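Encoded as structure tokens, the structure appears first; notes follow it.
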Amino acid sequence: MSQTDPQPVQYLADYRPWPFTLSETRLDVTLAPRDTRVRAELRLTPQQAGSDLVLDGGTELRLISLTVDGQQPDPSHVIREGERLTVVAAALPQGPFTLATEVGIDPADNTAFEGLYLSNGIFCTQCEAEGFRHITFYPDRPDVMTTFSVTIRSDLPVLLSNGNPVSKAPGVAEWHDPWPKPCYLFALVAGDLVAVSDSFTTRSGRKVALNVWVRPGDQHRADFAMQSLIKSMKWDEDVYGREYDLDVFNIVAVDDFNMGAMENKGLNIFNSKLVLASPETATDADYERIESVIAHEYFHNWTGNRITCRDWFQLCLKEGLTVFRDQQFTSDMRSAAVKRIEDVQALRARQFREDQGPLAHPPRPDHYEEINNFYTATVYEKGAEVIGMLKRLVGNDGYAKALDLYFDRHDGDAATIEDWLKVFEDATGRDLAQFKRWYTDAGTPVVEMSEDWQDGRLTLSFRQSTPPTPGQTEKPARIIPIAVGLLGPNGDEVAGTRVLELSEDSQSFDFDGLSARPVVSALRGFSAPIILRRDLDDATRAFLLAHDTDPFARWEAGRELALSALTTLATGGEAGSSYIASIGALIAEDQTDPAFRALSLNLPGEEEIATRLAYLGQTPDPDAIHTARTDLARRIASAHEPLLSRIYDEMTVPGAYSPDAVSAARRALRIAALGLLGRIDGGERAEVLFGVAGNMTERMAALAVLLRLGHGAPALAALLDEFGDNRLVMDKWFSIQAMAAPPQDAVAVASALAERNDFDWKNPNRFRALLGGLAANHAGFHSVDGSGYAFTADWLIRMDAVNPQIAARMSTAFETWPRYDEMRRAHARAALERIASVKGLSRNTREMVSRMIA
Ligand code: ARG
Ligand code: ZN
């Protein structure tokens, strides 16, 4: 691939419409591993006299022929330069014409998994964002939308593309997609695949054939994905009034895939780990994730495909909205309270981390070098949070009206964030000029809240500020919705949830007519993606943990108690026992959802403790943090041994395994108890559980306990024996060893794993399992001798030459480096500089590394 070509920075402000219209694309693809031929016919009409026709096309495309209305232009009129092919205006008619090209490509040699590639005998494509240019010469930009007719020639039994099937004969299949689409939604799959099939009848009576295509033998692992698809189709009709619009919907699972999944029109392609699941191979978390990603890709059919993005700066238009929709779906399918807490945890772990470091950027960036580096937590998860705030501000009815208007007004468009906000303004009458800063400004706002109590009146005062981020020093005030409720001294709610809207740097709100000073429950439901600072003592936090009626705020009170204990311990202090006492009371509440109790019982991770310390202006010491967390876990276990032991015994789930939310919740609480008990029982329970459990959730939890104790070898050998040929289980086998190793052993464990024959590092999942596993071992990755950084840098360099997207993405392991001590910073900088100095480093990794050492 040619991603090393220098390419200037792209700016949002430079957007210009394409000077042609494209009314039809016909592709004829003859597949062969080393010489696939792609014939393309584009039906074009110039919109501005005198425009050259400039098409995108990778330098590796072998141009075999090019004609304009059947004629070969004068060779001097066709110019190939870098990733571009230009047919000069002088060679083009002034009215409509057909450009026909034939190129040769080499899918077997495509290790970057972008464009058309071979993955274990299956031909497949990944075109978002700019992969189509590696298939043929084309206007590879999302605002050029047209219908596609595709002919696939190959002896492979299954030949798939977008839209509806037109014909199928041995060796050739034809597809037609009647819905105009940009080329990033093009897909083609060919291979020896089998389908799990079902059907769905839409609410207007259209019968849709559904297929989940997998490798022969994997059918029994595809049922859950199929059921998730059917639920998603129904939900989008019920909640958003959106119906599916083709005769077939195909999903294909492939083993080599850079990302999670891709919403190609009518032909979604998935990383196999997000499709295949059986009780003995997949955990409860895997099942939940499969259900949500199947939904996510399906929901893109309306939010992404029917309405797409004008340019890649608008990526959060489709991703933020589609994540928001998949979060709503999961809340409806499972527990809304638990889902919200999980989402906030993920947001803080990934997006706050990004926002607080050198890679901070707004949900809608205004410049980039490599768009693949912007498929980030900020674009996705913060993009979803911004929509959640919008909904809170305009209310459920306003949101429903705005969405109906969005679909009415923009169906078939390539739209912008401005279009999106205008729809809300027009539907609700609300001015969103200030709200728009959430899209254009990077950084996590910090809101300080203080209380004043006088004569039955409570005054809440707020001050907001946002720290500077790279390239943005000025951060004007934003609209911030803060949901607040009040609890009386006996724990009863004396004022239900009220949403306070901040719009100034400083603001106050009064609550009158109170007979006694209440306790404030603030930022209920995590009503805005901010950091709320308030002076709270542990006693008040314990009170909120015991009484708050809002599940998020309740969980948050416990989290704050835990973080207060952990940060005190990690900086050499003596932690009080408030957290230990409160958590004991909470988990003893038999009528409280076990999933909620599990979330509260799981201690914050070491990374989260480091983030908190950095936020408090201290330099996190990874070893001290590890020790503090281990000690606190041991103290909890000792203090509550009988209770934890009872929970562990009671939370077994009788009968055959089912991944439903209720059963999963019981297992979650059970393994949270196991994790703590493992600190004091020498791993006895974990050893037994690993041997008897029939499901992967409990086996993995048991294995983690054993690995932390250094007793994992027999269990690892057993898994290898049982699942050595199952790639997805082996990915877990790799990652858990790096992740759960005692920190001082982590790099050695990772290095030994990297030596194994089955460390098939060119497979993105396997690479991520090992390198991501090590990066998740906080004290191991941040070893003071720099060995974690050096090991990671070695592998990033190696991967970059093969698959730049994966190398660039994994480089974010380094993104927090500036917050550590001088010694670690020196090692990290050296590792990053070593990467930066590699000759021929990809644009992807170069951009990431240079932003991190800027
Ligand atoms: N649109 C896909 C999704 O979120 C992700 C594709 C990302 N691809 C990439 N090359 N960055 O569902
Ligand atoms: Zn998406």
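The values are calculated or read from the model by the stated rules, or taken from the named source; none is laboratory data. The structure displayed is predicted, hence computed values, not measured ones. No Cβ is skipped: glycine too gets one built from the backbone with ideal geometry, and neighbour counts run over all protein chains shown.
Within the range 630-657, if we keep just the residues that are without any contact (Cβ under 8 Å) to a residue 12 or more places away in the chain and more than 34 Å from the chain's Cα centre (by Cα), the residue that is surrounded by the fewest Cβ atoms within 10 Å (Cβ to Cβ) turns out to be 642. Residue count for the range 93-117 under the criterion of being of a type in the set (A, V, I, L, M, F, W, C) and under 25 Å from the mean Cα position of the chain (by Cα): the result is 3. What tally of residues in the range 825-854 results from selecting those that are among the basic types (Lys, Arg) and not in a helix (DSSP H, G or I)? Count: 1.
Residues in the range 33-62 that are charged (D, E, K, R) and either closer than 22 Å to residue 154 by Cβ or not in a loop (DSSP other than H, G, I, E, B) (or both): 34, 35, 37, 39, 41, 43, 56, 60, 62. Consider residue 370 carefully, then state whether it is among the charged types (D, E, K, R) and either in contact with a Ser or Thr (Cβ under 6 Å, 6 or more places away or on another chain) or over 30 Å from residue 83 (Cβ atoms) (or both). Against the criterion (among the charged types (D, E, K, R) and either in contact with a Ser or Thr (Cβ under 6 Å, 6 or more places away or on another chain) or over 30 Å from residue 83 (Cβ atoms) (or both)), residue 370 does not qualify. When residues in the range 672-697 are screened for being touching a residue at least 40 places away in the same chain (Cβ under 8 Å), within 29 Å of residue 635 (Cβ to Cβ) and in a helix (DSSP H, G or I), 6 of them pass.
Against the test of being within 15 Å of the chain's Cα centre (by Cα) and closer than 17 Å to residue 383 by Cβ, the options 351, 314, 328 yield a single qualifying residue, 351.
Can you tell me which residue in the range 243-284 is farthest from residue 126 (Cα to Cα), limited to those that are of a type in the set (D, E, K, R) and within 16 Å of ligand 2 (Cβ to nearest atom)? The extreme case among them is 265.
Condition test on residue 96, is it touching a residue at least 24 places away in the same chain (Cβ under 8 Å), touching a Phe, Trp or Tyr at 6+ places or on another chain (Cβ under 7 Å) and over 24 Å from residue 31 (Cβ atoms)? In short, no. Exactly one residue among 720, 709, 716 is surrounded by fewer than 23 Cβ atoms within 10 Å (Cβ to Cβ) and more than 26 Å from residue 778 (Cβ to Cβ), and that residue is 720. A single entry from 23, 65 fulfils the requirement of being part of a strand (DSSP E or B), surrounded by fewer than 15 Cβ atoms within 10 Å (Cβ to Cβ) and touching a residue at least 60 places away in the same chain (Cβ under 8 Å): 23. With respect to the conditions (1) away from ligand 1 (no atom under 14 Å from the Cβ); (2) in contact (Cβ under 8 Å) with a residue 24 or more places away in the chain; (3) not basic (Lys, Arg), residue 331 falls short on a single one, namely (2). Using the structure shown, decide if residue 541 is under 29 Å from the mean Cα position of the chain (by Cα) and either at pLDDT below 95 or crowded, with 18+ Cβ neighbours inside 10 Å (or both). Criteria not met by residue 541. Close contacts from the range 237-252, counting a first residue that is part of a loop (DSSP other than H, G, I, E, B) and a second that is of a type in the set (A, V, I, L, M) and buried (at least 18 other Cβ atoms within 10 Å of the Cβ), with Cβ to Cβ under 9 Å and a gap of 6+ residues or different chains, come to 241/403; 243/233; 244/208; 244/233; 246/208; 247/208.
All conditions in (1) among the charged types (D, E, K, R); (2) more than 14 Å from ligand 2 (Cβ to nearest atom); (3) surrounded by 23 or more Cβ atoms within 10 Å (Cβ to Cβ) hold for residue 343, with the sole exception of (3).
No other residue among 803, 844, 757 is under 19 Å from the mean Cα position of the chain (by Cα) and within 29 Å of residue 108 (Cβ to Cβ) apart from 844. Take residue 176 and decide whether it is more than 16 Å from ligand 1 (Cβ to nearest atom) and more than 18 Å from residue 305 (Cα to Cα). No: the conditions fail for residue 176.
Please go through the range 348-372 and give me each residue that is crowded, with 22+ Cβ neighbours inside 10 Å, within 16 Å of ligand 2 (Cβ to nearest atom) and assigned to a helix (DSSP H, G or I), ordered by number. Matches in the range 348-372: 351, 372. Residues that are within 16 Å of ligand 1 (Cβ to nearest atom) and of a type in the set (Ser, Thr, Tyr) within the range 268-323 comprise 272, 292, 298, 303, 308, 322, listed in sequence order. In the range 725-760, of all residues being assigned to a loop (DSSP other than H, G, I, E, B) and acidic (Asp, Glu), the one that is nearest to residue 779 (Cα to Cα) corresponds to 755. Scanning the range 287-324 for residues that are within 11 Å of ligand 2 (Cβ to nearest atom) and either without any contact (Cβ under 8 Å) to a residue 24 or more places away in the chain or of a type in the set (Asp, Glu) (or both), we see that the one that is surrounded by the most Cβ atoms within 10 Å (Cβ to Cβ) is 303.
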